[in-house]
Amino acid sequence: MIRKIRLSAWWILPTLVGVCLLALFGFVHQASALNPIPTPPPQPGSFGIEATKTQPPPKAGATITTPGNGAAFSSSPITVNGICPNSLLVEIYDNGVMVGSVMCNNGSFSLQVSLFAGINELTAIVYDELNQPGPTSNIVTVTYNDTRFSAFGAQVTLTSSYGRRAAAAGAELGWPFQLAGGTGPYAFNVDWGDGPPQQLKSQSLAGVVAVSHTYKKAGIYNVNVRATDVNGVTAFLQVVALANGKIDKKDDKPTESAATKSEILWLPTAVSIIMLVPAFWLGRQSQVVSLRNKMLKERDSVAKDKKS
């Protein structure tokens with residue numbers, strides 16, 4: 001009888017400990033994957049460190065493949081294609097004036113640019129993230145003849161000193177454009193590249209046109225600006241906007257599965273393993289005391305029966 005009790009008690013404690021360990025290993029903590037670690041504010045007496053990134057400018061430049069040299073056009077804008085070093089900004093210049101920009105993607109670029117009346121000398125220059133220019137591309141000479149603005153005596157041109165501008169996501173990004181020619185008032189349509197609605201603006205006179213936009217998400221966006229004068233003569237300009245910050249490819253309101261990740265709680269598991277030996281020893285001692293007390297009771301009971 002006593003041996004049976006000892007074997008049963010011997011297996012109970014290890015079984016309970018094993019079940020507890022399995023429960024700890026299987027326990028999963030749902031931790032937020034969207035909340036960044038908070039940055040403490042600067043404290044009195046603290047020091048700030050500023051780092052400057054340096055690198056050589058791009059050694060390889062872009063090459064304009066189309067249109068071909070000597071081509072003639074009767075409508076504008078036209079599409080300019082070419083090859084380029086990947087992930088660099090490509091700016092297109094027409095007679096030395098920046099008329100459009102786009103990011104090089106998979107070793108090639110394509111964008112629409114407006115032409116000036118008459119002869120246009122097109123070139124492309126690549127820029128790295130430090131805005132360092134690379135070599136100038138080949139020169140492509142094309143001709144533009146359009147009678148739509150000849151009757152009114154003026155062509156509308158839209159240019160900018162910036163092929164790329166940046167602001168933090170959630171902050172306002174301002175962009176000045178230079179409008180010349182045509183007859184006012186002018187209507188502007190700005191597609192910021194992050195979906196509808198497009199920005200509409202009007203201005204009575206030519207000159208500097210200031211527009212602004214706030215991006216909700218970080219990323220690189222193609223901005224398309226179209227200006228039209230009172231006679232229907234248009235000008236087009238494409239540039240690149242950069243919204244700084246952590247790029248999130250998920251939706252604005254991610255599902256619970258997208259917003260959390262699983263993490264095994266290793267600390268409770270390690271503590272449980274460390275406590276396994278003393279817990280086992282204490283369990284054995286408790287079993288021994290319990291069995292001894294039971295044996296003493298049985299012995300006293302047998303002694304009483306003999307006396308009676």
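The values are calculated or read from the model by the stated rules, or taken from the named source; none is laboratory data. Just so we're clear, the structure is a prediction, and the values are computed from it rather than from any experiment. A quick note on method: Cβ atoms are made from the backbone with ideal geometry, for glycine too, and the neighbour counts reach across all protein chains shown.
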query = Which residues, counting only those in the range 216-240, are charged (D, E, K, R) and more than 20 Å from ALA206 (Cβ to Cβ)?
reply = LYS216, LYS217
query = Do we have THR157 as within 28 Å of PHE73 (Cβ to Cβ) and out of contact with any strand residue (DSSP E or B) (no Cβ under 8 Å at 6 or more places or on another chain) here?
reply = no
query = Restricting attention to the range 77-113, which residues are hydroxyl-bearing (Ser, Thr, Tyr), surrounded by 22 or more Cβ atoms within 10 Å (Cβ to Cβ) and more than 16 Å from TYR162 (Cα to Cα)?
reply = none
Output for the range 190-209, where each listed residue is out of contact with any Pro (no Cβ under 9 Å at 6 or more places or on another chain) and either under 15 Å from PRO176 (Cα atoms) or in a strand (DSSP E or B) (or both) = VAL190, ASP191, TRP192, GLN199, LEU200, LYS201, ALA206, GLY207
ask   = Among the residues of the range 127-145, is there at least one that is under 14 Å from VAL239 (Cα atoms), over 26 Å from the mean Cα position of the chain (by Cα) and modelled with pLDDT under 95?
value = no
request  = Just name the residue that is farthest from LEU242 (Cα to Cα) out of those in the range 114-130 that are touching a residue at least 40 places away in the same chain (Cβ under 8 Å) and part of a loop (DSSP other than H, G, I, E, B).
outcome  = PHE116
query = Taking the stated definitions as given, is VAL223 at pLDDT 95 or above, under 21 Å from SER87 (Cα atoms) and out of contact with any Ser or Thr (no Cβ under 9 Å at 6 or more places or on another chain)?
reply = yes
message = Here is a check on your reading of the model: is LEU173 more than 18 Å from THR123 (Cβ to Cβ) and modelled with pLDDT of 95 or more?
response = yes
query = Looking at (1) closer than 25 Å to SER202 by Cβ; (2) not in a strand (DSSP E or B), can you tell me which one ARG165 breaks?
reply = (2)
inquiry  = So, GLY182, is that one surrounded by 15 or more Cβ atoms within 10 Å (Cβ to Cβ), touching a residue at least 40 places away in the same chain (Cβ under 8 Å), assigned to a loop (DSSP other than H, G, I, E, B) and not polar (S, T, N, Q) or not?
reply    = yes
Test result for ASN231, surrounded by fewer than 16 Cβ atoms within 10 Å (Cβ to Cβ) and modelled with pLDDT of 95 or more = no
